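Encoded as structure tokens, the structure appears first; notes follow it.
The values are calculated or read from the model by the stated rules, or taken from the named source; none is laboratory data. Predicted, not measured: the structure shown is a model, and the values here were computed from it. No Cβ is skipped: glycine too gets one built from the backbone with ideal geometry, and neighbour counts run over all protein chains shown. For accessibility, only protein heavy atoms count, side chains too; no ligands or nucleic acids. Shrake-Rupley method; radii C 1.70, N 1.55, O 1.52, S 1.80 Å.
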Amino acid sequence: MIHNETIDLLLAHSSVRQYQDKPVSQEVVDTILNCAQRAPTSSYLQSYTIIQVEDKEKRAALMEFSGGQKWLVNAPLVLLFCGDLHRDDQLLHPADQNVLHNAELFTVAVSDASLVAQRAFIAAQALGLGGVIVGGVRNETAKMARLFDLPELVFPLYVLCLGYPESVPVQRPRFETRFIHAVDRYPALPDPDALVAYDNEVREYFLKHTSDPNEFGWIARGQHAISSKPRYAVGEYLKEAGFLTKTEPSV
């Protein structure tokens, strides 16, 4: 495999949740934001918003919403990424009044925000920071909207916590590339032996490198995540916020 500084940075990623007591300078923040804005954006719509969270009470609320993830309070820099069609609605005044409420434009907003968040994360890592993305704030999506005064057609997706690492965790195992990549067709699912091997690798990782006492592999952890975090209220919030409510063009 080819190696250079950028490739090695990408390959070294792991989620960092413990930070030094060291502030992130405004120059670093500005650099991260400028790099984020250079992410690809569908149809040049720039359908995202980034909110920097400084207020201690709002950070405490984020921690509560996420089930107690204390890095939302402790991280020197906390950025909330939102899919945002409100700005497009207010500035572009589309002739079709339904279009911003369909599934395609919702997908555009989520994609735009995700690309921007990833660029911000990589830029931060290139500047010596580490971080973690917290999707658990979607446990209370409607409360998130009220907390940050989000208007209609704005969806709070996740928070990026950043800071200078106190420690960097060992990387978690990933699927073999052959199970997530194929040419000209959908890739084959892992065969039973490969799945067991990966499941055992994940189990050993958590037993060896974390304080998690549960002897769970990838399957049990995935099943638990899906069953314990259904977040049905997210769908209700999206409709209340004006997303996914139209399927036909205006007459």
Test item: Cα-centred dipole of the stretch 1-76, Lys/Arg +1 and Asp/Glu -1 on Cβ, debye: 200
Modelled FRET efficiency - R0 30 Å, HIS93 with GLU57, Cβ distances, 0.05 increments: 0.25
Distance histogram for the stretch 209-251 (every C-alpha pair counted, 10 angstrom bins, percent rounded to whole numbers): 21, 28, 21, 18, 9, 3
Sites THR6 and GLU176 - FRET efficiency at Förster radius 30 Å, r taken between beta-carbons, to 0.05: 0.80
Value of Rg to Rh for the stretch 26-168 (Rh from inverse mean 1/r over Cα pairs, i.e. Kirkwood): 0.98
Estimated FRET transfer efficiency (LEU45, THR247; beta-carbon r; R0 22 Å; 0.05): 0.65
Backbone HN-Hα couplings from phi across the stretch 147-156 [Karplus 6.51/-1.76/1.60, Hz, Gly and Pro as x]: 4, 10, 6, 6, x, 4, 6, 10, 10, x
Binned Cα-Cα distances of the chain, short to long, each 10 Å bin given as a whole percent: 7, 24, 33, 27, 9, 1, 0
Prolate/oblate/rounded call for the stretch 162-207, Cα gyration tensor, a/c under 1.5 rounded: oblate
Dipole of the chain, positive direction: furthest Cα of LEU77, PHE179, PHE106, with charges on the beta-carbon: LEU77
Largest to smallest accessible area among TRP71, TRP218 [probe 1.4 Å]: TRP218, TRP71
Rounded to the nearest 20 debye, dipole of the chain from Cβ charges on Lys, Arg, Asp, Glu: 360
Cβ charges +1 (Lys, Arg) and -1 (Asp, Glu), total dipole of the stretch 73-148, debye: 360
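Using 0.36 nm times the number of residues separating ASN214 and ALA126, minus their current alpha carbon distance, what extension gain do you get?
28.3 nm is the gain from fully extending ASN214 to ALA126.
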Once the Cα gyration tensor of the stretch 148-247 is diagonalised, semi-axes √(5λ) in Å: 33, 22, 15
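Leaving ligands and nucleic acids out of the surface, order THR247, THR210, THR107 by accessible area at 1.4 Å, largest first.
I get THR247, THR107, THR210, largest accessible area first.
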Span-rule helices in the chain, defined as complete DSSP H runs reaching 20 Å or more along the axis (Cα) with Kyte mean at least -0.5: 103-126
